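> Below is the structure I would like to discuss, written out as structure tokens.
The values are calculated or read from the model by the stated rules, or taken from the named source; none is laboratory data. Being a predicted model, the structure only gives us computed values, none of them experimental. All Cβ positions, even for glycine, are placed from backbone atoms using ideal geometry, and neighbour counts span all protein chains on display. With ligands, DNA and RNA removed, areas are computed over all heavy atoms of the protein, side chains included. Shrake-Rupley method; radii C 1.70, N 1.55, O 1.52, S 1.80 Å.
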Amino acid sequence: MNYLGLDLGGTSIKGAVVTEAGEILREASRLTHAERGATAVVGEIAALMYQLAQGDRFAGVGLGCPGTVDDESGEVLYSCNLNWTNFDLRGALEKRTGYRVRLVNDANAAALGEALAGAAKGAHSAVILTLGTGVGGGVVIGGKLLVGYTGAASELGHMVIEADGLPCACGRRGCLEAYASATALVRMTKEAMAAHPESRMHSISADLGGVDGRVAFAAKAAGDAAGGAVVDAYVRYLAIGVTNVVNLFFPEVVAFSGGVANQGEALLAPLREQVRRASYGSAYAKKHVRLVPCTLGYRAGMIGAALLAKT
Ligand SMILES: [Zn+2]
């Protein structure tokens with residue numbers, strides 16, 4: 001029997017029929033139309049489920065959703081992308097489709113997918129970090145997501161790495177997200193460009209059509225000192241966060257996704273070096289913790305949601 005994994009976003013709903021081994025058989029998507037309200041969105045989800053079923057019955061259905069979701073109660077406690085508060089999504093979907101859908105935060109769903117069927121397949125434990133607009137993540141130990149009480153755990157981007165540091169989007173100061181997101185990398189790049197009119201970052205960003213997370217890495221690769229300093233500072237901050245993650249969970253794998261992770265070894269090689277040097281019991285950590293790129297892309301969330309329904 002196959003499982004259905006759904007990835008509910010503010011813009012679109014993606015769904016995939018997934019085998020027990022985590023392979024996708026077919027996928028489809030629909031627009032969410034969040035502005036039409038929760039009942040309409042439930043209708044879109046049900047329509048996508050019907051479309052993907054092709055007359056078959058799923059062994060289970062899992063759904064990843066942005067915000068705080070409680071798989072115990074079946075409620076979406078808070079989702080600013082969908083504008084929902086305490087919405088009984090499981091109840092509404094069960095009434096409509098007959099399926100008792102498992103719920104999971106979307107970043108956690110992606111982490112579970114990468115842990116069970118992607119970058120960390122076969123590993124005992126994994127932490128997934130997404131370096132995008134913000135810094136998200138998920139922790140999977142022994143095949144199970146660490147969700148905490150009412151599903152709010154694993155906010156890895158909001159661990160404080162600098163007391164009274166830079167303001168974070170969450171309203172606090174000094175969070176990893178304020179230093180290690182793509183947004184933070186762009187900010188640091190712009191600051192360095194303003195201070196260094198001679199830097200190659202100016203011509204590189206003109207070629208790329210603007211300043212993004214690639215500019216400083218490309219400048220460093222071309223031997224530019226100011227670009228190199230930006231990358232080094234970025235990696236140093238990220239390494240503090242990753243070292244904390246290693247010391248807290250001692251996972252077999254830490255896997256990276258999101259725009260900045262596309263830099264591959266240019267990011268991971270110096271990061272490994274710093275994390276290993278700083279990790280507690282570092283000789284042991286050096287042998288056991290692998291820092292690798294994620295492999296499933298946007299499909300990670302659907303696969304993770306489907307595999308959650310299997311448990
Ligand atoms: Zn924060």
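> Calculate, in nm to one decimal, what residue 50 and residue 11 gain on full extension: separation in residues at 0.36 nm each, minus their alpha carbon distance.
Numbers: separation 39, 0.36 × 39 = 14.04 nm, distance 1.97 nm.
That pair, residue 50 and residue 11, stretches by 12.1 nm at full extension.
> Also, quick follow-up: Given H placed 1.01 Å from N in the peptide plane, which residues other than close sequence neighbours of residue 12 have an amide H under 5 Å from its amide H?
32
> Next question. For the chain, please report how many Lys pairs fall under 29 Å Cα to Cα, leaving out neighbours fewer than 8 apart on the same chain.
16
> Output the direction-averaged projected area (hull surface divided by four) of the convex hull of the alpha-carbon atoms of the chain, in nm².
Working: hull surface 66.5 nm².
Mean orientational projected area (the chain, Cα hull): 16.6 nm².
> In addition: Tally the DSSP beta bridges in the chain and give the antiparallel ones as a percent, rounded to 5. Each step should come with its number before you reach the end.
Numbers: 30 of 48 bridges.
Restricted to the chain, the bridges split so that about 60 percent are antiparallel.
> Something else about it: At a temperature of 20 °C and a viscosity of 1.002 mPa s, determine how fast segment 79-121 diffuses translationally according to Stokes-Einstein, using the Kirkwood radius over alpha-carbon pairs as Rh; express D in µm²/s, rounded to the nearest whole number.
Working: Rh = 12.2 Å.
Answer, rounded: 175 µm²/s.
> Which value, to two decimals, describes the C-alpha radius of gyration of segment 227-308 once divided by 2.2 N^0.38 Å?
In units of the globular-protein estimate, segment 227-308 measures up at 1.17.
> Rg to Rh for segment 1-89: what is it, with Cα atoms only and Rh by Kirkwood? Spell out each step's value before the answer.
Working: Rg = 13.0 Å, Rh = 13.4 Å.
That ratio equals 0.97.
> Still on this structure, I have one more. Placing +1 at every Lys and Arg Cβ and -1 at every Asp and Glu Cβ, with all other atoms neutral, what dipole size does the chain have around its Cα centre, in debye to the nearest 20?
Details: 28 positive and 28 negative charges, 96 e Å.
Magnitude of the dipole: close to 460 debye.
> Near the amide H of residue 78, under 5 Å away, which other amide H atoms are found, from residues 5 or more places off or on another chain, if H is placed in the peptide plane?
HN-HN under 5 Å from residue 78: 68, 86.
> Could you tell me how far the Cα centroid of segment 84-119 sits from the Cα centroid of segment 212-262, in Å?
When both Cα centres are located, 31 Å separates them.
> Give me the angle, in degrees from 0 to 90, between the Cα long axis of helix 106-117 and the longest principal axis of the Cα atoms of the chain, rounded to the nearest 10.
Result, in degrees: 90.
> Could you give the angle, 0 to 90 degrees to the nearest 10, between helix 182-195's Cα long axis and the longest principal axis of the Cα atoms of the chain?
Once rounded, the angle reads 20 degrees.
> Here's a follow-up. If you take every DSSP beta bridge fully contained in segment 123-294, what fraction is antiparallel? Give it as a percent rounded to 5.
Details: 11 of 20 bridges.
Restricted to segment 123-294, the bridges split so that about 55 percent are antiparallel.
> In Å, what Kirkwood hydrodynamic radius results for segment 123-294 from the alpha-carbon pair distances? Walk me through the numbers before you get to the answer.
Values: mean 1/r = 0.0607 Å⁻¹.
With all distinct Cα pairs of segment 123-294 included, I get 16.5 Å.
> Could I ask something else about it? Which percent of the accessible area of segment 1-65 is formed by carbon and sulfur heavy atoms (probe 1.4 angstrom)?
Values: 1340 of 2840 Å².
Accessible surface attributable to carbon and sulfur in segment 1-65 totals 47 percent.
> Further, regarding this structure: Count the net charge of all other residues whose Cβ sits under 15 Å from the Cβ of residue 73, scoring Lys and Arg as +1 and Asp and Glu as -1. Walk me through the numbers before you get to the answer.
Values: positive: 90, 100, 102; negative: 70, 71, 72, 75, 88, 94.
Value of the local net charge: -3.
> While we're here: Tally Lys/Arg at +1 and Asp/Glu at -1 over every other residue whose Cβ is under 14 Å from the Cβ of residue 300; what's the total? Mind dumping the intermediate values first?
Numbers: positive: 14, 121, 299; negative: 7, 23, 27, 106, 114.
Within the 14 Å Cβ shell, the charges total -2.
> What angle do you read, to the nearest 10 degrees and between 0 and 90, between the alpha-carbon axis of helix 225-249 and the longest principal axis of the chain?
Around 50 degrees separate the two axes.
> Go through segment 73-87 residue by residue and turn each phi into a ³J(HN,Hα) via Karplus (6.51, -1.76, 1.60, θ = phi - 60°); whole Hz please, and just put x for glycine and proline.
8, x, 9, 8, 6, 7, 9, 6, 4, 9, 6, 10, 9, 6, 9
> Let me ask another. Provide, in order from the shortest bin, the percent of all Cα-Cα pairs of segment 37-190 in each 10 Å bin, continuing until the bin that contains the maximum pair distance.
For segment 37-190, the pair-distance distribution reads 11, 32, 33, 18, 5, 0.
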